[in-house]
Amino acid sequence: MKIAVIDSDKIRTCDTDDLTLNNRKGAIVKVLGCGLCGSDIVKFREKISKNGTVLGHEIVAQIVDINSDTDFKLGDKIVTSHHIPCGICNYCKHGNVSMCEHFKSTNIKPGGFSELVYLSEEHLKNVAYVVPENLTEVEASFYEPLGCCIRAVKRANLMKNSKVLVVGLGSIGILMSQALRAFGMDVAGCDLLQERINFLKNLQIEAFDSRELKEHQEFDAVFMTSGADKAIDVALKAVRNGGTILVFSSTPKNTGYPNNEIYYRELTVLGSYSPAPIDLKDSIKLLADGKVIVKNISTVYPLDKIQDAFDDTITNKIMKAYIKIND
Ligand SMILES: [Zn+2]
Ligand SMILES: [Zn+2]
């Protein structure tokens, strides 16, 4: 089977032995395609992942071999997430499921940018769903990233109709804005790129150029999906006193929110990282019900052109890449 691996400054494809179930519980799936996540870009660019790593986790796949107690069967077209919380550790008990050791150690093998993937029985039981018939394969690939956004919305714990600003309108900003709207918030988004501002407007959500932001625009909450250091200033400018800043991205300089601003303005700054199984359940429903529209976000690349997908995402030439792997 063909896989795409990190090879220092490049992503290259190569051949490896086909995966088999080998009496294990779970399923072997043929990956139809896999979305390229911002976290894959960070792992590649910042050299966080070792050479030989197969990135990718936003898969849409078809079951080609299965040994499971679940209702999934041969031929099912499915989506899945990659991590599963244990449910019983201290982190899990406090709702910090994405900090759970088991959560961090579970994954799809070898990774999404592969012709075949092994899913454990745990994946099938907790985080996999049959693709709803009204969704295309590319639309279904937003299942996991939307789950991440839904968790962020829940963690912010806002009152209905709160005024929320989404800073950064890449694919995650577009998903986040719609997730917030689906949960009853009064949403606006901002970015520096006009085409992204227009994209959000076309979804009937208010959007403007970040440079037009005036001091204290009195947003109850600001969701930071931008990975730019400067966006931190935008968030501090936009949030009202007593408001919430939800951090949803790393930034290159790793600078933080000023202590005194948090104190005197009584701000709540909190992070959200990765989804819990319940958020994924909400995600598939919002997608199937058309409450979150994910048309025209992705650009499709064949596996052989995966390097271009990385390059074009890094240079903002495209909003989001989907790697098409099998028919
Ligand atoms: Zn992701
Ligand atoms: Zn746990």
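One chain, two ends: Cys86 and Ile278. Fully extended at 0.36 nm per residue, the span grows by 67.8 nm beyond their Cα-Cα distance. 3J(HN,Hα) couplings calculated from phi for region 116-121 with the Karplus curve 6.51 cos²θ - 1.76 cosθ + 1.60 (θ = phi - 60°) are, in sequence order, 10, 9, 9, 10, 6, 4 Hz; Gly and Pro show x.
Within the chain, which is the longest segment that contains none of the GluC sites (Glu not before Pro) sitting in a DSSP loop with at most 15 other Cβ atoms within 10 Å? The answer is 47-132.
The calculated FRET efficiency for Glu121 paired with Asp186, based on their beta-carbon distance and R0 = 41 Å, is about 0.45. Charge dipole of region 148-271 (Cα centre as origin; +1 on each Lys and Arg Cβ, -1 on each Asp and Glu Cβ, all else neutral): 340 debye, rounded to the nearest 20. If a spin label sat at a point 7 angstrom from the Cα of Lys47 along the line to its beta carbon, the backbone N atoms of region 7-24 nearer than 18 Å would be those of 7-12.
If the chain linking Lys93 and Met159 were pulled fully straight, counting 0.36 nm for each residue of separation and taking away their Cα-Cα distance, it would gain 21.3 nm.
Let me check against my output: what whole-number percent is the relative contact order of the chain, with C-alpha pairs under 8 Å and at least 6 apart?
Normalised by residue count, the contact order of the chain is 19 percent.
With respect to the cross-link table entries Lys93/Lys154; Lys154/Lys291; Lys230/Lys253, which display a Cα-Cα separation exceeding 20 Å? Check vs 20 Å cut-off fails for no pair.
Charge dipole (Cα centre; +1 on Lys/Arg Cβ, -1 on Asp/Glu Cβ; no other charges) of the chain amounts to roughly 540 debye.
In percent, rounded to a whole number, the relative contact order of region 148-271 is 23, using alpha-carbon pairs under 8 Å and six or more apart.
For the chain, the antiparallel share of DSSP beta bridges with both residues in that region comes to about 55%.
Can you find, among Tyr257, Val31, Cys190, the residue farthest towards the positive end of the dipole of the chain? Put +1 on the C-beta of Lys and Arg, -1 on that of Asp and Glu. Farthest towards the positive end: Tyr257.
Multiplying the residue separation of Asn22 and Ile314 by 0.36 nm and subtracting their alpha-carbon distance yields 101.2 nm. Taking a ≥ b ≥ c as the square roots of the eigenvalues of the Cα gyration tensor of region 256-327, is the shape rounded (a/c under 1.5), prolate (a/b larger than b/c) or oblate? Because a/c hits 1.5 or more and a/b fails to exceed b/c, region 256-327 counts as oblate.
Look at the alpha carbon pairs under 8 Å that are at least 6 residues apart: their mean separation over the length of region 205-299 gives a relative contact order of 22 percent. Taking region 293-309 and a reference point 7 angstrom along Cα→Cβ of Asp9, the backbone N atoms nearer than 19 Å belong to 306-309.
Annotation for Val130 and Lys104: the two label points, set 7 Å from Cα along the Cα-Cβ direction, are 3.7 nm apart.
Sites listed here are trypsin sites (Lys or Arg not before Pro) in region 1-86 whose DSSP assignment is loop and whose Cβ has at most 16 other Cβ atoms within 10 Å: Arg24, Lys25, Lys47, Lys50, Lys73.
Rule-based calculations on the coordinates, nothing more; no lab input. These figures come from a predicted structure and were not determined experimentally. So basically every Cβ, Gly included, is an ideal-geometry build from the backbone, and we count neighbours across all protein chains shown.
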